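These notes concern the structure reproduced below.
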Amino acid sequence: MVNSVFSTGMRTDLCGEIDKEYEGGKVTLSGWVNKRRDHGKLIFVDLRDFSGVVQLIFDSKINNNSYLMAREIRNEYVIKVTGKVRMRSKDTVNISISTGEIEIVVEDVTIFSRSKTPPFMIEDRNKVEENVRLEYRYIDLRAKKMQENIRLRHKITAATRDYFNSRGFLEIETPVLGKSTPEGARDFLVPSRLNPGKFYALPQSPQLFKQILMFSGFDRCYQIARCFRDEDLRADRQPEFTQIDLEMTFVEVEDVIRMIEGLFNYLFKTVFGKEIEPYFKRITWKNSMEIYGTDKPDLRFGLNIKDISEIFKKSGLKIFSKTLKNNDGFIKGIVIDDCSALTRKDIDDIVEMAKKSGAGGLIWIKIGKNLDFQSPIAKFLSEKEKKDLIKTLSLKENNLLLIVADKYMVTCRSLGIIRNHVAHKLKLVDEDRFNFIWVYDFPLFEWDDRENRISPVHHPFTKPDDNTAGYLDKDPLKVKSEAYDIVLNGEEIGGGSIRINDTNLQKKIFKILQIDENRVEENFGFFVRAMEHGIPPHGGIALGMDRLVMLLGKLDSIREVIAFPKTQSAVCMLTGSPSVVSEEQLREVHINIMEEEK
Ligand code: ASP
């Protein structure tokens, strides 16, 4: 069947395509030796390409030359064979692979290249340390799973492009050698040879350029953009990552939200052949914090956080009364249905987890027979408080109530962490569900304890919401924004906003963020000047491609969907970057390396 797009001068078909329809036909295949089994006068070889594996048979009686060559063949050799397709004998049929009913009797073989003994067997990759897999990534990527992952990523990228291209978007590239801006994460810097002492910064996102493209009248644009942030790497972060970044002109929040819901519907249909809900649920940031203790709520399970402060207004328990005296103090709890599922050690771990997340502690109450309260604090609770708890939380025998009493944010956040932990521990998460939710009505600013100043929740170009913009001068922390985040299964997969399109307002925001005029000029002067030349209302969003593919592929790590990822310490195990460069190179870019500080 010489009609596949994959037919070349070196193969007629792909290994995985050969089935009983080919019986009696002649094929030429090229690929890697997946396995070789020597049965004396017969040698079996499983030949592999990206499409699958097919069994070859080298029979000394049929073609002794080929048979003799097959004796030399080892795993991962790259070969070409020509042979006849025949049905396997009934007892050797392998129904677990698509080619399992046939085999190819080889008449001619060419060895293209030999392989050293691989550092690990491809099928054993799960048992191999990840750094070894990353060092020999070319072998790791040969595994079926990795082929599937990278192909899935390609499909999602291609479908994303199709979707936006058919909706009037232009794909426009923006510079990778950019300007360092002090906001956000740390920049990666690139020294300029032609401009001694000056540096480019690699883009943390194409934010300002995509906005300027809107100022220039391109109406809608997108990019599958590579972004760089020089941060200490947490579990699922990479120093370079990919965003689906887009910007639209003359839009309101609703328009961007609908565009992205459409994208996900299109992706599910084209990539997985699945229908999903056309419109996603929405939750305000405040409700999300209150009910789920996070701005990345996972709605695939219950365990909602309930406020029980009211019940303890007159509590005799010091920790409760003291907390409530503080005007930012709250008492909140979550109810676990079946406490027998958690051991004493599990509960101790949960208490530790609460402490680690900043709470003073965690109180637990087991509900025993006759709704008896079993807890170190049981004797300090009045009958009325117990009754009110039972009523408000509909407590039943065997329930476990976990309570945190602390400042508002600490209470929400720590219970949010515990909620996720317990749900996974008790396997309450429906792993088959894809649960999308929009979070909106974010505060525009938050207080940064470390820097001891106000900082933007999203970025400084986010438009304040009209209803609360009046607080900008008096109490900026009360101002909300026209920003939105999209969350999938408890992970933020994107965020964006309607942007400021008024120069004075933009300057005011910089002022509130304590970026003085000189720094504004130095870092954003070009942008503010561009805003002074007639700019349309506009807004956009960026979706994290790596995380998105990971979640859609139901994988555990973004490194599984990046062909050449870096390690936690930002090292490429394959190439050994970053690496030392020569004195000459350093001189050319005017850099003098300081002695490491002791
Ligand atoms: N530039 C933002 C980010 O990278 C997204 C946006 O506002 O469009 O997170």
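Looking only at region 480-498, decide whether some residue is aromatic (F, W, Y), in contact with a Ser or Thr (Cβ under 8 Å, 6 or more places away or on another chain) and modelled with pLDDT under 95.
The answer is no, given that none of the residues of region 480-498 is aromatic (F, W, Y), in contact with a Ser or Thr (Cβ under 8 Å, 6 or more places away or on another chain) and modelled with pLDDT under 95.
Taking each residue of region 194-207 that is within 18 Å of Y222 (Cβ to Cβ) and looking for partners that are within 16 Å of the ligand (Cβ to nearest atom) and in a loop (DSSP other than H, G, I, E, B) with beta-carbon atoms closer than 7 Å, six or more apart or interchain, yields P203/V176; Q204/G184; Q204/A185; Q204/D187; Q204/R229; P206/T174; Q207/H459; Q207/F461. Across region 384-411, the number of residues qualifying as of a type outside the set (G, A, S) and without any contact (Cβ under 8 Å) to a residue 60 or more places away in the chain comes to 8. Please indicate, with yes or no, whether at least one residue in region 338-361 is of a type in the set (D, E), under 19 Å from D298 (Cα atoms) and at pLDDT below 95. Scanning region 338-361 turns up no residue that is of a type in the set (D, E), under 19 Å from D298 (Cα atoms) and at pLDDT below 95. Yes or no: I102 aliphatic (A, V, I, L, M) and under 30 Å from R559 (Cβ atoms)? No; evaluated as a whole, the condition is false for this residue.
Here R125 fits the description: modelled with pLDDT under 95 and within 20 Å of C572 (Cα to Cα). The single condition among (1) over 17 Å from D485 (Cα atoms); (2) among the charged types (D, E, K, R); (3) surrounded by 18 or more Cβ atoms within 10 Å (Cβ to Cβ) that K296 does not satisfy is (1). For region 58-86, the set of residues classified as in a strand (DSSP E or B) and loosely packed, with under 13 Cβ neighbours inside 10 Å is empty.
Just to be sure I understand the filter: pairs with C-beta atoms under 9 Å, separated by 6 or more residues or on different chains, first member in region 238-249 and more than 15 Å from I558 (Cβ to Cβ), second member within 10 Å of the ligand (Cβ to nearest atom) and of a type in the set (K, R). Which pairs pass? Taking only residues 6 or more apart or on different chains, the pairs are D245/K210; L246/K210; E247/K210; E247/R499. Would you call V53 on the phi < 0 side of the Ramachandran plot and within 41 Å of the chain's Cα centre (by Cα)? Criteria met by V53.
Of a type in the set (V, I, T) and touching a Leu at 6+ places or on another chain (Cβ under 6 Å): does that describe V457?
no
G416: within 30 Å of L513 (Cα to Cα), small (G, A, S), touching a residue at least 24 places away in the same chain (Cβ under 8 Å) and more than 16 Å from the ligand (Cβ to nearest atom), yes or no? For G416, the condition - within 30 Å of L513 (Cα to Cα), small (G, A, S), touching a residue at least 24 places away in the same chain (Cβ under 8 Å) and more than 16 Å from the ligand (Cβ to nearest atom) - is met. The set of residues in region 535-549 being farther than 28 Å from R151 by Cβ and touching a helix residue (DSSP H, G or I) at 6+ places or on another chain (Cβ under 8 Å) consists of I535, P536, H538, G539, G540.
What about I562, is it more than 16 Å from the ligand (Cβ to nearest atom), touching a residue at least 60 places away in the same chain (Cβ under 8 Å) and more than 24 Å from E240 (Cα to Cα)? Against the criterion (more than 16 Å from the ligand (Cβ to nearest atom), touching a residue at least 60 places away in the same chain (Cβ under 8 Å) and more than 24 Å from E240 (Cα to Cα)), I562 does not qualify.
Output yes when any residue across region 415-429 is in contact with a Lys or Arg (Cβ under 8 Å, 6 or more places away or on another chain) and on the phi > 0 side of the Ramachandran plot, and no when none is. No: region 415-429 contains no residue that is in contact with a Lys or Arg (Cβ under 8 Å, 6 or more places away or on another chain) and on the phi > 0 side of the Ramachandran plot.
Out of the residues in region 103-138 meeting the condition of being part of a strand (DSSP E or B) and of a type in the set (S, T, N, Q), tell me which one is nearest to T567 (Cα to Cα).
S113
Given the criterion out of contact with any Phe, Trp or Tyr (no Cβ under 9 Å at 6 or more places or on another chain), at pLDDT 95 or above and of a type in the set (V, I, T), identify the matching residue among V54, V45, V33.
V54
Do we have any residue at all in region 400-409 that's hydrophobic (A, V, I, L, M, F, W, C), on the phi < 0 side of the Ramachandran plot, in a helix (DSSP H, G or I) and more than 16 Å from the ligand (Cβ to nearest atom)? Within region 400-409, one or more residues are hydrophobic (A, V, I, L, M, F, W, C), on the phi < 0 side of the Ramachandran plot, in a helix (DSSP H, G or I) and more than 16 Å from the ligand (Cβ to nearest atom).
State yes or no: is D465 over 24 Å from F301 (Cβ atoms) and either surrounded by fewer than 18 Cβ atoms within 10 Å (Cβ to Cβ) or free of Cβ contacts under 8 Å to residues at least 24 places away in the same chain (or both)? No, not satisfied. Of the residues making up region 341-355, one or more are exposed (fewer than 14 other Cβ atoms within 10 Å of the Cβ) and β-branched (V, I, T).
Checking each residue in region 1-36 for being charged (D, E, K, R) and closer than 18 Å to F112 by Cα picks out R11, D13, K35, R36. When region 11-45 is filtered for residues that are among the acidic types (D, E), within 45 Å of the chain's Cα centre (by Cα) and part of a loop (DSSP other than H, G, I, E, B), the ones remaining, listed by number, are D13, D19. Number of residues in region 262-276 that are assigned to a helix (DSSP H, G or I) and farther than 20 Å from G540 by Cα equals 5.
The values are calculated or read from the model by the stated rules, or taken from the named source; none is laboratory data. This is a predicted model, so every value here is computed, not measured. All Cβ positions, even for glycine, are placed from backbone atoms using ideal geometry, and neighbour counts span all protein chains on display.
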